[in-house]
Each structure stands twice: as structure tokens, then as C-alpha cells.
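First the structure, in the form of C-alpha cells, and then the observations on it.
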Amino acid sequence: MQPDVHEPDCLRRFTRLCVDACARGWHEANGGNLSYRLDEDDLVALAPLLEPESQWHGLKRAVPELAGAHVLMSASGAYLSNVAYDPSHICGIIQLDACGESWRACWGFADDARPSSELETHLAAYATALRAGDGADRVVYHAHAPHVIALSTLIEPSPRAWTRTLWRTMTEGIVVFPQGIGALPWMVPGSPELAEATCELMAVHRACVWTQHGIMARAAGFDEAFGIIDTVEKSAGIHLGARAANGGAEPRHLVSDEQLRAICERYGLTPNEGFLD
Ligand code: 2HA
Ligand code: ZN
């Protein structure tokens, strides 16, 4: 029996996000995954619980930026809805070696559970954030947000099309993601191609839509990661509803470019100029 680690703050926040997101219907069955890159304080708090396994597992793609890092992550095939009841089976902590070429389990992943199939995408996203100067980003989160998936069947998978649609539907969009969001055509889940394409877009954007699949975000904390996806999902839902109410046609009254610029001026935001006309 593993000790109860509900006390460490990072696990409580991890669990809270999973519970909130499951209540929203973002994680059917074993859909979606979540990770958190531990900081020094977390490591001090968790030190008594960490028991590194002797077995190392090679990564397909090395992440030297993460050499020695510890990452809390959901398990492959795990139902995120169960994390509050059974944390040591649903998630675990891995440590990367001194070269960022392999990992070993240090806590959780009970009964031979393994990190999520999107492990390499998450690690690449942290490396991308570090390279982009966003080293404070410690959460990577992937959700099967239903309105995002529905809208992805209607609009082209381009960052500009997605960003403008969401910015112009709901005023809060440009406030939460002034750099816009990325979007990719359909790709095989968990594939190196998806990891690479996602990270290319996430060097600029904090979130990236995966057509007919869901969305991935990187952020400083759990609230921010949830908040970005919540805002994208809400705006996508409003857009779909408005479009349906308008007989399927583009809604007539959207936030104008002039109004988007006025929001940025008022709130001191630096928008992605490439997405403004
Ligand atoms: O965790 O969502 O994309 C299962 C998935 C893979
Ligand atoms: Zn998925």
C-alpha cells in the first residue's frame, strides 16, 4: 500500500483540476492527460515518499532541457475521474536522467502503470516553454473539450482562423490568450509527429487545438492551464450556438479589429499582430 500523498500541494492541485475538468465532461473514459514539473519546494515536501525504481526507460526523443527534472503525470489508460480515489494508480512521478534521455518512476504508477501515451509531447512542451523563455510554465494539460472538437469539424485547422473566430466571439478571448492559439489538422494521438508539430506551435501559443481530438495547453499553474482551455472551450461553444441560431451562417455581430485593439490598449496586452487586420 502506498502512503497517502494527498497532502503535497501539487497533488491536491492536480486532483482538483481533474475533478473540475471531469465534471465539465472533458475526460470521457481514459481521455486526456495532465502533467506538472515539480519545483524545489515540491521536491523537499515529497522527498520522504520518493523511491526511485532502478529501471530506466529510454525516450524516443531526448529532452536535455529537462535533465534531472521530476514530473508528476497521469498514467496511460487512466481515468482522470478516479484520481481523487486512487492517486497511486492514476498518476505517478518520474525523474529524468542527467542527460534527459530516459526516465524512471519515483512514486505512484502502481501495479506497473506507465506515464500517459502523450509523455513525449508533454516533455517536449516543457522544453519548448523553457526555450521560449517561459520557464515558469510548469503545467501541460490535454483535454477532450467537446465544443472545441465540434468547432474543429467546421473551421480550417489554422492558428489564424481559430484565433480570430474565438477572439471575435467573446471579449475575454484576447485577454486570456493574446498570443492566439495554435491549430493542427488531424494527426495520430501520441505520435512523434503530433508532438513535434504541437511544440512548434506552442513556442508561440500557450494552447494548440488538435482537430477532431481536443486541445493541449501549457501554463504556469493548474488554474492557468484550466483557465485557458475553459476560455477556448466556452468561446467555441458560444460560437457554435450563435452560428446554429443564425441558420448555420457566420454570426453577424462579432468583436471588430478596432475593438480588439481597444481591449489591448486598455489592459496593456501585446496581441499577436499577425492575427489582427
Ligand atoms: O490519454 O487523450 O491523446 C489519452 C489521450 C491521448
Ligand atoms: Zn487525447
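With neighbour counts taken as other beta-carbon atoms within 10 Å, the residues Asp137, Asp97, Asp9 rank, fewest first, as Asp9, Asp97, Asp137.
Over every Cα atom in region 1-103, the radius of gyration and the widest Cα-Cα span, Dmax, amount to 14.1, 39 Å. Working from label points 7 Å from Cα in the Cα-to-Cβ sense, the Arg16 to Glu258 distance is 4.3 nm.
With 0.36 nm allotted per residue and the present C-alpha distance subtracted, the Asp277-Ile238 stretch has 11.8 nm of extension available.
Around Ala124, what is the net charge, scoring Lys/Arg as +1 and Asp/Glu as -1 over all other residues with Cβ under 9 Å from its Cβ? Result for the neighbourhood of Ala124: -1. Spin-label model, Arg104/Ala45: points 7 Å from Cα along the beta carbon direction are separated by 2.6 nm. The per residue volume of the convex hull around the alpha-carbon atoms of region 15-59 is 141 Å³. Summing +1 for each Lys or Arg and -1 for each Asp or Glu, what net charge is found among the other residues whose Cβ lies under 12 Å from the Cβ of Gly237? In short, +1. Only helices reaching 27 angstrom along their own axis (Cα) with mean Kyte-Doolittle hydropathy no lower than -1.0 count here, and for the DSSP H runs of the chain these are 222-245. Each part gets one Cα centre, and for region 209-277 versus region 17-32 those centres are 21 Å apart.
Spread over its residues, the convex hull of the C-alpha atoms of region 43-86 is 138 Å³ per residue.
Per-residue 3J(HN,Hα) values for region 142-151, derived from phi via the Karplus relation 6.51 cos²θ - 1.76 cosθ + 1.60 with θ = phi - 60°, read 10, 10, 9, 6, x, 6, 4, 5, 4, 5 Hz in sequence order (x marks Gly and Pro). Starting from the Cα gyration tensor of region 130-184, take the square roots of the eigenvalues, sort them a ≥ b ≥ c, and report rounded, prolate or oblate (rounded when a/c is under 1.5, otherwise prolate if a/b is larger than b/c, else oblate). In terms of gyration-tensor shape, prolate.
The residues packed around Gly190, meaning those with a beta-carbon under 15 Å from its beta-carbon, carry a net charge of -1 if Lys and Arg are +1 and Asp and Glu are -1. Computed from label points 7 Å out along Cα-Cβ, the spacing between His57 and Arg266 is 4.9 nm.
Quotient of the Cα radius of gyration of the chain and 2.2 N^0.38 Å, N being its number of residues: 1.02.
Each reported figure results from applying straightforward, stated rules to the coordinates on display, with no laboratory input. The shown structure was predicted, so the numbers you read here are calculated from the model rather than taken from an experiment. Neighbour counts run over all protein chains shown; Cβ positions are idealised from the backbone, glycine included.
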